[in-house]
Every structure is written in structure tokens, then in C-alpha cells.
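*Asks:* For reference, the structure I am asking about is given below.
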Amino acid sequence: MIDTIKLTLDSTMFTVLRKEDFQRDINNTASGFAKYVINPYKSELLRGIYKPRLTIAHRFNCSGVKGWTLYIELSLPKLLFGNNFVELTDNDFETIIKKLSAVLKEMGILVYTDKLINAPVSAIHYSKNIVLDNGLTPYILINKIKDSNIRMSVDIDRAQFRNDGYAYKFHANTYEVTFYDKLYDLMKSKISSKRSIEKDNEIQLNLFEQVKVVERFEVLRMEVRLNNRMKTRSLLKTLGYSTNLTFKELFSSEISQRVLLHYIRELESNRPAILNYDSSNPKALLVDLIINNPRLRPQKKLELYGLRQALENYTERELKGVFNPKSYRIWYRIMLDSRKIKVPDQQSPLQIIKDNLKAFVPISTLDFDKLMLNNDKYE
């Protein structure tokens, strides 16, 4: 469902009750631009009090008129539940609107509920927590995701493959897709908030002290972060939606599910089937290449066999980087051939993620009463 959302309200949609609560961030008197902010206090988060990040800017709006604009950025599950392990459902929308309106009033901003309901959305993060209780770990899945070939046109931020391989992100200017071990990320937050992927993790640091320790489990988190309206509109059009980008219309489990599945399927389609072949028996791989691809020349079979062995130690992007750019045409031909060959059916390591997204069962508080937390990460 939705995690983080950024709402953009023009001056007709809100009233500032206490200007003195805002801190000046930027003030350029020459251009008339000014920006004032309220950010969550760590002390409040540690006491279980969650508030959105507020920014008021004096600038030209989309109509070319200079005026005040209010930006509201927050994690909706943290607002409602005090954590984002528990997930929202469509039925939570009315409760969220009422609570957000009340919290904004406490912060010195008056926004009526009807304005919030139809507030324009400038950025939105769709997410899913995937509980793994079958011995599989997020670390294994994240490394398999890293092996998938992501187009070179997408700038991968390799710095986010960090924390010993427990987080991986690829991004472009307008969106990013992130996978990380949620429990490990929370553990890192206890050391320093700078080490974690999540913002405002302080509010849920004591979550595991309140639940019963029953059995071992892991949580892999997937997030698709759409960072501007143009990208959101374009993606929704691709998925068959024609909708206004308002809070009410984008608060949808159906849209959330389809957005997340879209990117998992894109990853899966870019992952050569040969990567899914069990590499523990190299002799069997060569035999299966020969048997299942009788029209393939011996040289090509050996070429693809060598490719599979190389991919044991390199990702596709890393392996491509080893070669001279003049050889890229040959590289692309080899990779294209690798997607056409036949090997015995092997289950994609991304299948468990896809199955969870297809089911799209929201995690509730009751789930965490039953599951916790005999976990190596915390020993």
C-alpha cells in the first residue's frame, strides 16, 4: 500500500495559525523567494509522537502566480500506527484524513478535511513488506535482484548496495525502486539514523520490545518511489489508469499492487533464464544446453556456458564493464542469445516476491503478535 506521500496545497487550501513555529530555511529577498520548515523532533519520535514534515514556500505556482504553497510529507502508516511494519488498507483513508487534519492543526496549520481529500499529490511511495518465515532471507533475495540486468539508461546508485548487502536501490531522476532488509535496517537505526534507509525510524525502535517472541522470521521491504507528478501520471497511463493525481484517487491498494508488480515483472523480464539454472553442477548445465538447444552451434553453446560461469562472480553490468566499449555490440548479442536459449524449468528467485504481491495481503498488528523475533541479527 502507500507509505510516504507528499501533498502540495496552494494558498486557498490552508491557513497558517502560528507562523512562529516555522523555522526559516531559505530567504532570498532579491527574488522574493522564501522557505520555512517544520521537521519532526527526534525527542518526539522517541516518545511515539509522529508528525509530518511541513514546508511553506513563497514562489511561483504552476499557474505562474506568486503565492504561498504548503508541502506536507509524511509516512501514512507511521501517522496511524506509529510504525510502517503494519500496512494500510483502503478502509483506513477516512481515519487518516481525520488524524492528519488534527495533527496539522496542532502544528499550527488549518486544513479542512475536504481539502486534504482532494489535495494534489506531488510524490508517492508504494510499498510492501514481505514476511519470510521459510528460512529464506532478504539478503539472498536482494543479491538475486542485484544480478538482474537493469538497463544502462537507468543510473544505479551503487552506494545504496550497502550494509553488507542488505539493501539495494536503482533509480532514475523521476523514480527509484528499493529493496531492503527491514529488520536489519531498524537495527542499524539504533546505532545511527544515518546508517538506515528509512526516515524517522526512531518512532518504531521499541516495536520489538512490545511483541511476543515466537518464531524466527524475516521481512523484505520493496518500495517504488515516484518522485514527481509527470512520472506518476505516465506510469499510471501505462498501467491503464486515467486518474487525477489527488490523495483520494491515489490511495488505492489496487494501484499500489499494480505499480509494485509492474517493476517486479520488469526485473524478471530482464533476468536471463540461464541465471535461474542451478549452478552447483556445471556438467549438467552443459548437457542441458546441448540437449535443449539442438540447432545451436557448439561454439554458441560453449559461449553461453562460459557466460553462466562468469555470472557466478559478476553481475551483468559489472561483466559488461570488464570489456572494452568497442566490444559492446558483441556483448549485447551474447545477452540477447542468453534470453532465447532453452533450459529446464527453474523457478525464478523473484517468484516469492511476485506471489506475495499477487496475494497482496496487508500485514496487521495481529501478525506481529504472532511473529517475533528470534533472529540472528539481534544476537
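The values are calculated or read from the model by the stated rules, or taken from the named source; none is laboratory data. This one's a predicted model, so the numbers in the text were calculated from it and none came from an experiment. Positions of Cβ are generated from backbone atoms using ideal geometry, with glycine treated the same way; all protein chains shown enter the neighbour counts. Surface accessibility is based on the protein's heavy atoms, side chains included, excluding ligands, DNA and RNA. Shrake-Rupley method; radii C 1.70, N 1.55, O 1.52, S 1.80 Å.
*Asks:* I'm checking my understanding of the structure. Among residues of the range 62-97 that are closer than 23 Å to M230 by Cβ and among the β-branched types (V, I, T), which one is most open to solvent (accessible area, probe 1.4 Å)?
*Replies:* For the range 62-97, the residue satisfying everything is V65.
*Asks:* Run Y168 past the list (1) part of a helix (DSSP H, G or I); (2) under 17 Å from the mean Cα position of the chain (by Cα); (3) modelled with pLDDT of 80 or more and report the number of the one that doesn't hold.
*Replies:* Here Y168 clears every test but (1).
Residues are listed down the side, and each one gets a yes or a no for (1) open to solvent by 40 Å² or more (accessible area, probe 1.4 Å); (2) in contact with a Phe, Trp or Tyr (Cβ under 8 Å, 6 or more places away or on another chain); (3) hydrophobic (A, V, I, L, M, F, W, C):
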{"site": "A284", "(1), (2), (3)": "no, no, yes"}
{"site": "I291", "(1), (2), (3)": "yes, no, yes"}
{"site": "K300", "(1), (2), (3)": "no, no, no"}
{"site": "L311", "(1), (2), (3)": "no, no, yes"}
{"site": "T315", "(1), (2), (3)": "no, no, no"}
{"site": "K320", "(1), (2), (3)": "no, yes, no"}
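*Asks:* Further question: So, in the range 98-110, how many residues would count as being surrounded by fewer than 20 Cβ atoms within 10 Å (Cβ to Cβ) and either under 15 Å from T246 (Cβ atoms) or not basic (K, R) (or both)?
*Replies:* Looking only at that region, the number is 7.
*Asks:* Does the range 175-194 contain at least one residue that is open to solvent by 10 Å² or more (accessible area, probe 1.4 Å), part of a loop (DSSP other than H, G, I, E, B) and at pLDDT 80 or above?
*Replies:* No, because not a single residue in the range 175-194 is open to solvent by 10 Å² or more (accessible area, probe 1.4 Å), part of a loop (DSSP other than H, G, I, E, B) and at pLDDT 80 or above.
*Asks:* Based on what the data block shows, is L296 over 25 Å from H171 (Cα atoms), surrounded by 14 or more Cβ atoms within 10 Å (Cβ to Cβ) and touching a helix residue (DSSP H, G or I) at 6+ places or on another chain (Cβ under 6 Å)?
*Replies:* no
*Asks:* For the range 224-323, list the helices (runs of 4 or more DSSP H) that sit wholly inside it and hold at least 3 residues that are without any contact (Cβ under 8 Å) to a residue 12 or more places away in the chain, under 18 Å from Y126 (Cβ atoms) and in contact with a Gly (Cβ under 8 Å, 6 or more places away or on another chain); which are they?
*Replies:* none
Let's see how each residue does on (1) at pLDDT 70 or above; (2) within 23 Å of T178 (Cβ to Cβ); (3) open to solvent by 70 Å² or more (accessible area, probe 1.4 Å); (4) not in a loop (DSSP other than H, G, I, E, B):
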position: W331; (1), (2), (3), (4): yes, no, no, yes
position: V343; (1), (2), (3), (4): yes, no, no, no
position: S348; (1), (2), (3), (4): yes, yes, no, no
position: N374; (1), (2), (3), (4): no, no, yes, no
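*Asks:* Return yes when N228 is within 30 Å of K182 (Cα to Cα) and open to solvent by less than 40 Å² (accessible area, probe 1.4 Å) and no when it is not.
*Replies:* Against the criterion (within 30 Å of K182 (Cα to Cα) and open to solvent by less than 40 Å² (accessible area, probe 1.4 Å)), N228 does not qualify.
*Asks:* Check S327, S364 and return the single one that is open to solvent by less than 60 Å² (accessible area, probe 1.4 Å) and over 30 Å from D181 (Cα atoms).
*Replies:* Every option except S327 fails the conditions.
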